[in-house]
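Visitor: Okay, handing you the structure first.
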Amino acid sequence: MTDDDGTDSDASTVGTAPKQASQVNPPLAGTLRDETSELWLDQFARYLGFGRLSAFFNISLPPSYLYAIVTVVGWTLTSAGADILVFDNTPIYVRNPYFLLQPFVLLVGVFGAHALDRSYRQVIDEMQLRERSSNPGQFVDLIPRWLPWALFATAAGLQLVRTYADFANFTTVGVVANGLVFPFVYAPIIVQFLVVYVTIEFSLPWRLYKSDVSVHFLDPHGVGGLRPIGELIKKAYYYVVGGLIAYALITYAPGVSGWEISTTAGAIFTGVWLSTIATVAFAVLLLHRFLHREKRKELYKLEAELHTHIENPWEVRNYTVPDDATETVEDIRQRIQEVSSTREYPATFSIWTQLLLSVAVPKALQLFLAGV
């Protein structure tokens, strides 16, 4: 391929042996799977003592799992118990049983962040980006280390401001929920999932687009070797779809009499839904531009090479191939065919079908529940 600065990189030519890692950059210890083994939420949980708690009880779970189980499940049981035993109120989980989806979604959010992070690093290894890039470190830390802390500070700060503004309207349980649980328990979990999601949908496609990694034109799937990334984008969006479905059920509470629906619920749902579609569209579009650019560059190089072995190459009726160049010309034509047959979108038909269906399901469910 031709790099952005106009220099040639022989490793991208179809049929040329890839450069060895030792020829490109010094080898790094382990794999990318080993270099990013802890999420920001694990660090956050360690600061709160869950690392020591895990070690004390000899629990082999990451601190973020223990943090989520203790805080989310603990708060669900505590708030329901306080309403029943102390304040003689009907818990919200009784008034709207779908609210039990809230702690479930948060726990799945922690699991999903870890699962997507593992899948991301497996994709990096499967595509051998370490060996194919002159700077493999660019695929390790895709998100600045300060970003999760900044997002957490922003989310917690906004929630505390809202709590202060509506303080008089909250019950005792509501004050604890809005002033402590939402900003310091729920917000970190949401921030962690958001960071992993942004890594997959924004940072990875952008880094690949700007890197010197070549397109795999011999990919049997015909998508330039980007099928693993397409699968990862789809998998990340599936988690979002699950969250949107849970949000729709909680908000519209089908079959629950007397449940009041906020006038802004529909607008919030539509805004989140459209935003997530935009993230997937961005990832797919950028990878499409990457494939399109590299395909055109490779075809241009191969065409130029072909012309050097043909007499009168611009005249289809009069061109001739010297006898000593016949095998070379056939080889170049085969390479051109391999490049030309590569599709310019990083997904197979099955991936596209599943992705389009998953995009439509949350909105269809919301419209159905709103009309019930």
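Visitor: Among the residues of segment 135-155, is any farther than 30 Å from Glu38 by Cβ, surrounded by fewer than 19 Cβ atoms within 10 Å (Cβ to Cβ), in the same structural domain as Val195 (by TED's automatic domain parsing) and more than 19 Å from the chain's Cα centre (by Cα)? Break it down into steps so the answer makes sense when it comes.
Guide: Step one: filter segment 135-155 for residues farther than 30 Å from Glu38 by Cβ, giving none.
Scanning segment 135-155 turns up no residue that is farther than 30 Å from Glu38 by Cβ, surrounded by fewer than 19 Cβ atoms within 10 Å (Cβ to Cβ), in the same structural domain as Val195 (by TED's automatic domain parsing) and more than 19 Å from the chain's Cα centre (by Cα).
Visitor: I would also like to ask the following. Checking Leu274 against (1) out of contact with any helix residue (DSSP H, G or I) (no Cβ under 8 Å at 6 or more places or on another chain); (2) at pLDDT 90 or above; (3) surrounded by 15 or more Cβ atoms within 10 Å (Cβ to Cβ), only one condition comes out false. Which one?
Guide: All conditions pass for Leu274, except number (3).
Visitor: Out of Arg33, Arg52, Arg46, which single residue is at pLDDT 50 or above, surrounded by fewer than 17 Cβ atoms within 10 Å (Cβ to Cβ), under 28 Å from Val105 (Cα atoms) and of a type in the set (Lys, Arg)?
Guide: Values: Arg33 fails: at pLDDT 50 or above; Arg46 fails: surrounded by fewer than 17 Cβ atoms within 10 Å (Cβ to Cβ).
Just a single option satisfies the conditions, and that option is Arg52.
Visitor: Please determine whether any residue of segment 115-131 is more than 28 Å from Tyr238 (Cβ to Cβ), touching a helix residue (DSSP H, G or I) at 6+ places or on another chain (Cβ under 9 Å), touching a residue at least 12 places away in the same chain (Cβ under 8 Å) and not aliphatic (A, V, I, L, M). Break it down stepwise before answering.
Guide: Restricting attention to segment 115-131, the residues satisfying the condition of being more than 28 Å from Tyr238 (Cβ to Cβ) are 131.
With the extra rule that they be touching a helix residue (DSSP H, G or I) at 6+ places or on another chain (Cβ under 9 Å), the set shrinks to 131.
Right, trim to touching a residue at least 12 places away in the same chain (Cβ under 8 Å) and you get 131.
Pick out the ones that are also not aliphatic (A, V, I, L, M) and you get 131.
Taking every residue of segment 115-131 in turn, at least one turns out to be more than 28 Å from Tyr238 (Cβ to Cβ), touching a helix residue (DSSP H, G or I) at 6+ places or on another chain (Cβ under 9 Å), touching a residue at least 12 places away in the same chain (Cβ under 8 Å) and not aliphatic (A, V, I, L, M).
Visitor: So which residues in segment 219-238 are of a type in the set (A, V, I, L, M, F, W, C) and modelled with pLDDT of 90 or more, if there are any at all?
Guide: Kept after step one, since they are of a type in the set (A, V, I, L, M, F, W, C), are these residues of segment 219-238: 223, 226, 229, 232-233, 236.
Within segment 219-238, Leu226, Ile229, Leu232, Ile233, Ala236 meet the criteria.
Visitor: Taking the residues in segment 326-370 that are of a type outside the set (Val, Ile, Thr) and outside any helix (DSSP H, G or I) as candidates, determine which candidate is modelled with the highest pLDDT. Walk me through it before giving the result.
Guide: Within segment 326-370, the first condition is being of a type outside the set (Val, Ile, Thr), and the residues that meet it are 327, 330-331, 333-335, 337-338, 340-341, 343-347, 349-350, 352, 354-358, 360, 362-370.
After this cut, where a residue has to be outside any helix (DSSP H, G or I) as well, the list is 341, 343-347.
Working: Ser341: 92, Arg343: 89, Glu344: 86, Tyr345: 83, Pro346: 79, Ala347: 72.
Among those residues, the one meeting the criterion is Ser341.
Visitor: Also, quick follow-up: Kindly establish whether Gln122 is within 15 Å of the chain's Cα centre (by Cα), more than 15 Å from Tyr186 (Cα to Cα), assigned by TED's automatic domain parsing to the domain that holds Phe182 and surrounded by fewer than 19 Cβ atoms within 10 Å (Cβ to Cβ).
Guide: yes
Visitor: Could I ask something else about it? Mind telling me which of the residues Leu369, Leu365 ends up being farther than 30 Å from Ile229 by Cβ, assigned by TED's automatic domain parsing to the domain that holds Tyr238 and touching a Leu at 6+ places or on another chain (Cβ under 9 Å)?
Guide: Just a single option satisfies the conditions, and that option is Leu369.
Visitor: Criterion first (out of contact with any Asp or Glu (no Cβ under 9 Å at 6 or more places or on another chain) and either farther than 30 Å from Ala267 by Cβ or aromatic (Phe, Trp, Tyr) (or both)) does Gln366 satisfy it? Give the steps one after another, and end with the answer.
Guide: Working: out of contact with any Asp or Glu (no Cβ under 9 Å at 6 or more places or on another chain): yes; either farther than 30 Å from Ala267 by Cβ or aromatic (Phe, Trp, Tyr) (or both): no.
In short, no.
Visitor: Could you pull out the residue among Ser214, Ser257 that is of a type in the set (S, T, N, Q), surrounded by 18 or more Cβ atoms within 10 Å (Cβ to Cβ) and at pLDDT below 90?
Guide: Numbers: Ser257 fails: surrounded by 18 or more Cβ atoms within 10 Å (Cβ to Cβ).
Residue meeting the stated conditions: Ser214.
Visitor: Here is a further query. Quick one: Asp117 ticks every box in (1) touching a Leu at 6+ places or on another chain (Cβ under 7 Å); (2) surrounded by 19 or more Cβ atoms within 10 Å (Cβ to Cβ); (3) within 24 Å of Gly258 (Cα to Cα) except a single one, so which number is it?
Guide: Checking Asp117 against (1) touching a Leu at 6+ places or on another chain (Cβ under 7 Å); (2) surrounded by 19 or more Cβ atoms within 10 Å (Cβ to Cβ); (3) within 24 Å of Gly258 (Cα to Cα), the one that fails is (3).
Visitor: Looking at Thr353, Thr348, Thr279, Thr320, which one is out of contact with any Leu (no Cβ under 8 Å at 6 or more places or on another chain), β-branched (Val, Ile, Thr) and over 28 Å from Leu208 (Cβ atoms)? Break it down stepwise before answering.
Guide: Details: Thr353 fails: over 28 Å from Leu208 (Cβ atoms); Thr348 fails: over 28 Å from Leu208 (Cβ atoms); Thr279 fails: over 28 Å from Leu208 (Cβ atoms).
Within the list Thr353, Thr348, Thr279, Thr320, the selection yields Thr320.
Visitor: If you don't mind, another one. Exactly one of these conditions fails for Gly271: (1) without any contact (Cβ under 8 Å) to a residue 12 or more places away in the chain; (2) outside any helix (DSSP H, G or I); (3) farther than 23 Å from Gln122 by Cβ. Give me its number.
Guide: Looking at each condition in turn, Gly271 falls short on (2).
The values are calculated or read from the model by the stated rules, or taken from the named source; none is laboratory data. Only a predicted model underlies this, so the values are computations on that prediction, with no experimental measurement involved. Cβ coordinates were reconstructed from backbone atoms using ideal geometry, including for glycine residues, and neighbour counts include every protein chain displayed.
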